[in-house]
Amino acid sequence: METSGNGSDHEVAVEVNNIVKHFGDVKAVDGVSISVKQGEVFGLLGPNGAGKTTLVRIVATLSKPTSGVCLVGGIDTVANPMAVRSLIGLAGQAAAVDDLLTGRENLEIVGRLYQLTTAEARRRADDILERLSLTEAANRQVSTYSGGMRRRIDLGASLVGRPRILLLDEPTTGLDPRTRNELWSFIQELVDNGTTVLLTTQYLEEADELANRLAVIDHGNIIAEGTPDQLKEQLGGDVLMAAPADPDHLSVVAEVLAAVTGETPRIDAKRHSVTVPAADRIAALLEAGQEFQNRGVALRDLSISRPSLDDVFLSITGKSTEDGEDGEDQEVTQ
Amino acid sequence: MTPTATPPNALGSLDPMSGKVNRNGLLRFVFDTATMTRRNLLYLYRRPQVVVFALITPIMFVSLFNFVFGGSMDVGGQNYADFLIPGIMVQTVMFGGSNTAVGLAEDMGRGVIDRFRSLPMSRMAVLTGRTIADGLRGVITNTVIIVVGLVIGFRPSNGILMTGGAFLLVLLFGYATTWFYAWMGLKLKSVEAVQAASFLPTFPLTFAASTFAPVENMPDWLQTFSANQPVTAIVDTARAMMHGGDVAGPLIRSLLWCFGITLIFGFLATREFRKG
């Protein structure tokens, strides 16, 4: 491993090496190693309590690891936290902004804490407000902002120092789909301009949308790592999905798919659909279609698709991400 | 505006490309403290009800104690308003301290402290900015108490300089106690717990003292405590400075209390803050 003093041309942006973090008897992170390359978006995917936030806090110098080494831009987070802090920007689910201050005041104060001159802090604040479409709300107290606006101003605050490495801890948890999409395209813009992003999420869709590489984390351990496509490969091919017109027919549909493929189908009660791995895709599709017709089950949808990351998570951990208490429920009903 | 490079001076050097000023550790601490003080004063300004309630309580206390007990209280022939005002001032800065504790617990809970901690700023400034802003609030509240006091018959007789000195001493004591409350807020973490707990030390310390009645009239066991605790020391000194009496000895004792409290709880609060 190369160690460089200033780390300015370091190819690896974040190097997490065998990090362990205990809180009393609880092993929140249990020997995690990841390596985030310069300019990429690395996603940490896992349910609540998997250890994602703990890991990000260690990278952000907010928490010291029990053991292991974390280098940001080649700089040790424990030995030289101040130098690390000038490289990173942190934003996340907590929306760490001051409610009683205006959007502009929030950004300006952060700018001043980066030792910017008053004029420069103001200029950067104006620029960020503009890019995040918050100019109109700039002089309003953040307490009057919507959830999406709060998340944007929080993200904005993390950009004031022009960080090379952005740490996003569940940036869109609890947001409605439209706001989420807006935030995604903004994050994508930052990435296009060369910012490295370490992102945690419990949304498979988000990881799929933004991340070049992913690590699936569960109970403080990395249980799978690769590109989204590679992880889907691990499942061994495509899935067959069938959705009955009448939700009451879900179990019948599952029965048919099990019989056709010989695999265990997964019922998604929220989307009223059933998915099953189908190695022999076309044959399975035709056979299932025939069987549904024979039984007189009307379908809303029948298709072959690449497995979703949810399918991946299920196949690796043996449980769905939705088993845990997470934000997914809220989000779907919105 | 055309950016021009400025040579390094006592206040740091400006990098015109980034608009960033390079400051050494101590200067950074001073500037960050100023920024954080401003942030906390803005909070105060946006939540004037906090100041209003911080004012109503002492005004109520001044009025009630003066008119209810004033007539029957024997304070050595002194006018009771004269006796009472220095005490109420000290009590008020201590009550105000609970806002420091609640405010810090609130900040910790909302994750905004995590933002500050992830910035290349002086961490200590998060605490000094808070204690200084809260200390400054004492200027407003104590000014109002003096005005109300003047209305009900408070007449400091030892000259404007000594009275001003007493005012400053109370502020200094207020600043010292904000470190105690900062430590409490960081230690207890939850806003509810802090709200419930912050009055526990405040009540015995301000009542079992020379704040409202002379210590000499208290039972022996209580006198031992009352006569030797900081509130009595500060109140007695402020009283002597406003109305005359032996000042030098008590003032030194009071200043030692102020510095001692600041040092001990400043250390404990900082240690607690770094832990998190």
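Rule-based calculations on the coordinates, nothing more; no lab input. Every value quoted in this text rests on a predicted model; they were computed, and no experiment measured them. Here the Cβ positions follow ideal geometry from the backbone for every residue, glycine too, while neighbour counts run over all protein chains shown.
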Note to self: Less than 28 Å apart at the alpha-carbon level, and either on another chain or at least 8 residues along: which lysines does that give for B:Lys275?
What the structure shows: A:Lys21, A:Lys27, A:Lys52, A:Lys64, B:Lys187, B:Lys189
Check: How large is ³J(HN,Hα), in whole Hz, for each residue of segment A:68-77 in order, when computed from phi with the Karplus curve 6.51 cos²θ - 1.76 cosθ + 1.60 and θ = phi - 60°, using x for Gly and Pro?
Finding: x, 10, 10, 10, 10, x, x, 9, 5, 5
Next item on the list: Rank A:Leu90, A:Leu44, A:Leu113 by mean-square fluctuation in a GNM of chain A with C-alpha springs under 10 angstrom and give only the top-ranked residue.
Entry: A:Leu113
Checklist line | Unit charges at the beta carbon, dipole of the protein assembly as shown: most positive-side option, B:Leu186, B:Ala240, A:Gln115 | finding: B:Ala240
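To the nearest 20 debye, what is the magnitude of the charge dipole of chain B about its Cα centre, counting +1 on the Cβ of each Lys and Arg and -1 on the Cβ of each Asp and Glu?
Working: 21 positive and 14 negative charges, 262 e Å.
Here chain B has a charge dipole of around 1260 debye.
Can you give the convex hull volume of the alpha carbon atoms of segment A:163-243 per residue, in Å³?
In segment A:163-243, the Cα convex hull volume per residue is 138 Å³.
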Check: Placing +1 at every Lys and Arg Cβ and -1 at every Asp and Glu Cβ, with all other atoms neutral, what dipole size does the protein assembly as shown have around its Cα centre, in debye to the nearest 20?
Finding: 2820 debye
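Determine the calculated [θ] at 222 nm for chain A from helices alone, applying -39500 (n - 2.57) to every DSSP H run no shorter than 4 residues and normalising by the residue count; nearest 500 deg cm²/dmol. Mind dumping the intermediate values first?
Values: 12 runs with 123 residues, N = 334.
Rounded to the nearest 500, it is -11000 deg cm²/dmol.
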Notebook entry, point to check: What shape does segment A:199-265 have by the C-alpha gyration tensor, where a ≥ b ≥ c are the square roots of the eigenvalues, rounded means a/c under 1.5, and otherwise prolate means a/b greater than b/c and oblate the rest?
Noted result: prolate
Notebook entry, point to check: Against the longest alpha carbon principal axis of chain B, how many degrees, from 0 to 90 and to the nearest 10, is the axis of helix B:248-275 turned?
Noted result: 40 degrees
Margin query: Quick check: the angle from helix B:25-46's long axis to the longest principal axis of chain B, C-alpha only, nearest 10 degrees?
Written below: 60 degrees
Check: Lys/Arg Cβ at +1, Asp/Glu Cβ at -1, dipole of segment B:22-275 taken about the Cα centre: which of B:Met108, B:Leu263, B:Asn24 is farthest positive-ward?
Finding: B:Asn24
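For a quick check of your reading of the filter: which GluC sites (Glu not before Pro) in segment A:96-168 sit in a DSSP loop and have no more than 16 other Cβ atoms within 10 Å? Could you put the intermediate results ahead of the total?
On the way: sites: A:Glu105, A:Glu108, A:Glu120, A:Glu130, A:Glu136; in loops: A:Glu136.
Listed in order of number, the matching sites are A:Glu136.
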Next item on the list: Looking at chain A, send over the antiparallel percent of its DSSP beta bridges, to the nearest 5.
Entry: 65 percent
Check: How much mean residue ellipticity at 222 nm does chain B get from its helices, if each DSSP H run of length 4 or more adds -39500 (n - 2.57) and you divide by all residues, to the nearest 500 deg cm²/dmol?
Finding: -24500 deg cm²/dmol
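Taking only the alpha-carbon atoms of segment A:12-231, what semi-axes of the equivalent ellipsoid follow from 5 times the gyration tensor eigenvalues under a square root, in whole Å, largest first? Don't skip to the answer; put the middle values down first.
On the way: eigenvalues 161, 76, 50 Å².
Its equivalent ellipsoid spans semi-axes of 28, 19, 16 Å.
Can you tell me the FRET efficiency between A:Glu189 and A:Thr227 if r is taken as the Cβ-Cβ distance and R0 is 22 Å, rounded to the nearest 0.05? Let's see the in-between values first.
Numbers: r = 21 Å, r/R0 = 0.98.
Here the calculated transfer efficiency is 0.55.
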Next item on the list: Rank A:Met241, A:Met82, A:Met149 by mean-square fluctuation in a GNM of chain A with C-alpha springs under 10 angstrom and give only the top-ranked residue.
Entry: A:Met82
Next item on the list: Mind jotting down the distance between the C-alpha centroids of segment A:158-199 and segment B:34-106, whole Å?
Entry: 46 Å
Next item on the list: Against the globular-protein guess of 2.2 N^0.38 Å, express the Cα radius of gyration of segment B:22-275 as a ratio, rounded to two decimals.
Entry: 1.04
Check: How far, in degrees from 0 to 90, does helix B:48-64 lean away from the longest principal axis of the Cα atoms of chain B, to the nearest 10?
Finding: 10 degrees
Item checked: With at most 13 other Cβ atoms within 10 Å, longest stretch of chain A clear of loop trypsin sites (Lys or Arg not before Pro) (DSSP) -> A:1-269
Item checked: Sequence-distant residues sharing a close amide H with A:Ile217 (under 5 Å, placed H) -> A:Leu45, A:Gly46, A:Ile223
Next item on the list: Tell me which residues come under 5 Å, amide H to amide H, from A:Ala13 once H is placed; ignore anything under 5 positions away on its chain.
Entry: A:Val36, A:Lys37, A:Gln38
Margin query: 5 Å is the cut-off here: which amide hydrogens, built 1.01 Å from N in the peptide plane, fall below it relative to B:Val247, excluding neighbours closer than 5 in sequence?
Written below: none
Notebook entry, point to check: Got the relative contact order for chain A handy, in percent, Cα pairs under 8 Å and 6 or more residues apart?
Noted result: 19 percent
